[in-house]
Amino acid sequence: MKEAANRTRHLHILILVFTAASILVIKAATIQLFNKNYLTAAQNTTISENILHPARGLIFDRDGKLLVVNKPAYDIKVIYKQLNPEMDTTLLCDLLQIDESRFLKSIEKDFRSSRYSKSVPFTFMSNLSPEQYAVFQEHLFEFPGFFSELRNVRAYPHENAAHALGYISEVSKSVVEREESRYAPGDYIGVSGLERTYEKHLRGEKGVEFLLKNNLGRQVGELENGKLNVDPEKGKDLVSTLDLDLQSYGEELFGNKLGGIVAIEPATGEVLAMVSGKTYDPNLLSINQNRGRAFEQLLNDTLNKPFHDRTVMAKYPPGSIIKPILAMIAMQEGICEADRTIYCNGSYAVNSKGFSQGCHQHATPYDVQTAIQHSCNSYFYQLIRELIEINGYSKPGEGLKIYNDYLRAFGLGDQLGIDISSESKGFIPTPEFYDNLYDDVITGWKSTYVLSLGVGQGEMQLSTLQMANLAAAIANRGYFITPHMIKGSINDNLETNPFPISKKTIPIDKEYFEVSIEGMERVVTAGTARNAYVPGIAVCGKTGTSQNPHGKDHSVFFAFAPKENPKIAIAVFVENAGWGSDYAAPIAGLMIEKYIQGSISPEKQWMEDRMMNLNTQVNTP
């Protein structure tokens, strides 16, 4: 009996031990194999997952000159749990050239929030230069929990094209939430210009490396000899349409001026130069420790507004450069022949009550070409009046719609679609606009209310880009390619993969373009734009003076050259400079000569000096 009882007790003990052991095994398996929280915690103490940031793609000008490059910068990151409480903070501050308050602000975070964790790396200090980093790197082993991360930030070999190129900045919280798989806090993203438009091409793809750490948190090697690592993929290099030499020259000419210059290659729609005054050195907004101060200074310059890209964002009345366009529309609609004479005695009689619009003294415009040559207001007041009244005096809306349809075919009244997101639509007033504007007039508005549209004044507003595109459309005798600033990306064979472009055709017969072009050539050879004359080159252009209710009028000019097989179309708008013939025309002439001839002839040197030194800024801070 006693022996049987012992066997039973022994069996019970074995069952108890086996049960306890089974429970322990199951619990261990649960912790180590099935519970991801414990698995992650274990990995965090043995494996470091480092993100490898790709280099952004480079940007070249049309001749292969670098416009945007990368330079190395280093972020110092920290894992709070791995910090040594007895570390020499004084030495750390000395190495990084910061004070104790900066150290405390950078290391003490709100770990109760979801943004920070004591076991997850966060940025302690960013944008160290290679020189700063080299000093710190020698002592990095003395500071467990700290490690470095290499980044690439933008640099600019030339101080040009700031508005066109744009800049990068730290990604916003909303972008991180929207594209969590691609961006993380602290990443950089293009926020303006080409950097923004071509972000998906330039940004590249991140890589990752897995590093083993010892019980002190120090890195001791790669996990599985690096087999799990993924190399970062560099962003695509892009070829710009910009001509760096022409861009630089335009910025020199515009050094003390407000306004814009846009130059386009007519046959391709490629933007050769895009100058906005006042501009700034793009290196000021490169990611560095002085960037915040520079950004604030530029932002606070409310007189010159350097962040306001006047080539695409600003809207101006185009003035008389609209006259060649109106002439073609009038001929296409059959209300004017090329040889039509409209007499002008220095003013245009609007109505029988004696109200008139002024003109200036010039030869009688016996044909359209002469009217364009001398910029006769009376001639074009009559044309716009007849066009708006084409279906009767009491139906001005129908005539204005016809006018607007043609203007929209030229790309006006909407965005042209250039590869810069800040482009303005400009403004082309519609019949509905005037219905609302004159809703208190019993008989409604009539053609005489809107005569200013025939001379590019009143409510009509265009961007400098749209003005340049008009010149390109005339140069092409009836079509334009959507203006663009990037040709394509560079492939592995160092060839350019072109991006798609689009062509827009204008429903006006080519013969009418030739009439306006003849008049525009006369403007330069014997009309209001003699200052745009270029020796040996047939320049076709038109001056304009844009009325400014707040001060001195603006100077406007658009042109293309040569007359046959044109290589450049250009628009120049100089704020507060007065007559188009005095300032915008000579600047355009110099830009044309510089681009086609490569240099300025001795006989035009005085003009270059004058334009370089001219200051039209109302105030300079």
It is to be established whether one or more residues within the range 135-150 are within 30 Å of G488 (Cβ to Cβ) and assigned by TED's automatic domain parsing to the domain that holds G190. yes
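Pull up the range 474-493, narrow it to residues that are over 23 Å from F410 (Cα atoms) and part of a loop (DSSP other than H, G, I, E, B), then point me to the one that is nearest to the chain's Cα centre (by Cα).
Here is the first cut: in the range 474-493, the residues over 23 Å from F410 (Cα atoms) are 488-493.
Next, only the ones that are part of a loop (DSSP other than H, G, I, E, B) stay: 491-493.
On the way: N491: 24, D492: 27, N493: 28 Å.
The residue in question is N491.
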Looking for something in contact with a Pro (Cβ under 8 Å, 6 or more places away or on another chain) and buried (at least 22 other Cβ atoms within 10 Å of the Cβ) - is there at least one such residue anywhere in the range 572-585? no
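Taking the range 520-538, which residues are touching a strand residue (DSSP E or B) at 6+ places or on another chain (Cβ under 6 Å), in a helix (DSSP H, G or I) and among the hydrophobic types (A, V, I, L, M, F, W, C)? Outline the logic, then answer.
First pass over the range 520-538, keeping only residues touching a strand residue (DSSP E or B) at 6+ places or on another chain (Cβ under 6 Å): 520-521, 523-524, 528-529, 532, 537.
Next, only the ones that are in a helix (DSSP H, G or I) stay: 520-521, 523-524, 532.
Scanning the range 520-538 gives M520, V523, V524, A532.
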Run T543 past the list (1) within 28 Å of M485 (Cβ to Cβ); (2) without any contact (Cβ under 8 Å) to a residue 40 or more places away in the chain; (3) touching a strand residue (DSSP E or B) at 6+ places or on another chain (Cβ under 6 Å) and report the number of the one that doesn't hold. (2)
Which of the residues spanning the range 512-531 are farther than 21 Å from L326 by Cβ and touching a residue at least 60 places away in the same chain (Cβ under 8 Å)? A526, N531
From the list E131, E138, which residue is at pLDDT below 95 and over 21 Å from S286 (Cβ atoms)? E138
Selection from the range 583-618 of residues that are over 22 Å from N304 (Cα atoms) and part of a loop (DSSP other than H, G, I, E, B): G598, S599, I600, S601
Could you give every pair whose Cβ atoms fall below 6 Å, whose first residue belongs to the range 494-506 and is part of a loop (DSSP other than H, G, I, E, B), and whose second residue is hydroxyl-bearing (S, T, Y), counting only separations of at least 6 or pairs across chains? S502/T482
Looking only at the range 445-470, count every residue that is over 9 Å from P317 (Cα atoms), of a type in the set (A, V, I, L, M) and under 27 Å from the mean Cα position of the chain (by Cα) and tell me the total. 4
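Results for (1) surrounded by 24 or more Cβ atoms within 10 Å (Cβ to Cβ); (2) in the same structural domain as T448 (by TED's automatic domain parsing); (3) of a type in the set (S, T, N, Q), shown as yes or no for each residue.
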| residue | (1), (2), (3) |
| --- | --- |
| E333 | no, yes, no |
| G346 | no, yes, no |
| V350 | no, yes, no |
| Q357 | no, yes, yes |
| A363 | no, yes, no |
| I372 | yes, yes, no |
| Y381 | yes, yes, no |
| I384 | yes, yes, no |
| E398 | no, yes, no |
Inspect all residues belonging to the range 599-612 and state whether any of them is touching a Ser or Thr at 6+ places or on another chain (Cβ under 9 Å) and touching a residue at least 24 places away in the same chain (Cβ under 8 Å). no
Select from the range 450-464 the residues that are on the phi > 0 side of the Ramachandran plot and in contact with a strand residue (DSSP E or B) (Cβ under 9 Å, 6 or more places away or on another chain) and list them in ascending order. G456
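How about the range 79-110: which of its residues are assigned to a loop (DSSP other than H, G, I, E, B) and closer than 14 Å to F147 by Cα?
Of all residues in the range 79-110, those assigned to a loop (DSSP other than H, G, I, E, B) come to 79, 83-88, 97-99, 108-110.
Those that are assigned to a loop (DSSP other than H, G, I, E, B) and closer than 14 Å to F147 by Cα: I79, L83, N84.
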Scan the range 62-110 for residues that are in contact with a His (Cβ under 9 Å, 6 or more places away or on another chain), surrounded by 16 or more Cβ atoms within 10 Å (Cβ to Cβ) and under 30 Å from E270 (Cα atoms) and report the count. 1
Can you name every residue in the range 507-517 that is in a loop (DSSP other than H, G, I, E, B) and loosely packed, with under 15 Cβ neighbours inside 10 Å? P507, D509
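Against the condition among the hydrophobic types (A, V, I, L, M, F, W, C), closer than 30 Å to K234 by Cβ and out of contact with any Gly (no Cβ under 8 Å at 6 or more places or on another chain), how does I79 come out, does it pass? Steps first, answer last, please.
Details: among the hydrophobic types (A, V, I, L, M, F, W, C): yes; closer than 30 Å to K234 by Cβ: yes; out of contact with any Gly (no Cβ under 8 Å at 6 or more places or on another chain): no.
So I79 does not fit the description; no.
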The range 546-559, residues that are surrounded by fewer than 23 Cβ atoms within 10 Å (Cβ to Cβ) and in contact (Cβ under 8 Å) with a residue 24 or more places away in the chain: Q547, N548, G551, K552, D553
For the list (1) surrounded by 15 or more Cβ atoms within 10 Å (Cβ to Cβ); (2) among the hydrophobic types (A, V, I, L, M, F, W, C); (3) farther than 27 Å from E423 by Cα, I need the number of the one condition that A526 fails. (1)
The helices (runs of 4 or more DSSP H) lying wholly within the range 290-384 that contain at least 3 residues that are farther than 27 Å from T525 by Cα are 291-299
What number of residues within the range 232-289 satisfy the criterion of being on the phi > 0 side of the Ramachandran plot and assigned to a strand (DSSP E or B)? 1
Might you let me know whether the range 551-560 holds any residue that is in a helix (DSSP H, G or I), under 29 Å from the mean Cα position of the chain (by Cα) and among the β-branched types (V, I, T)? no
With the requirement that a residue be touching a residue at least 60 places away in the same chain (Cβ under 8 Å) and hydrophobic (A, V, I, L, M, F, W, C), what does the range 408-458 give you? A409, F410, L416, I418, I420, F427, V450, L451, L453, V455
Show the residue pairs meeting these rules: Cβ distance below 8 Å; 6+ apart or different chains; first residue within the range 163-192 and closer than 15 Å to T123 by Cβ; second residue of a type in the set (G, A, S) and surrounded by 15 or more Cβ atoms within 10 Å (Cβ to Cβ). E170/G186; V171/G186; G186/S126; Y188/S169
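The values are calculated or read from the model by the stated rules, or taken from the named source; none is laboratory data. Here the structure is a predicted model, which means the values were calculated and not measured. Every residue, glycine among them, receives a Cβ derived from its backbone with ideal geometry; neighbour counts consider all protein chains shown.
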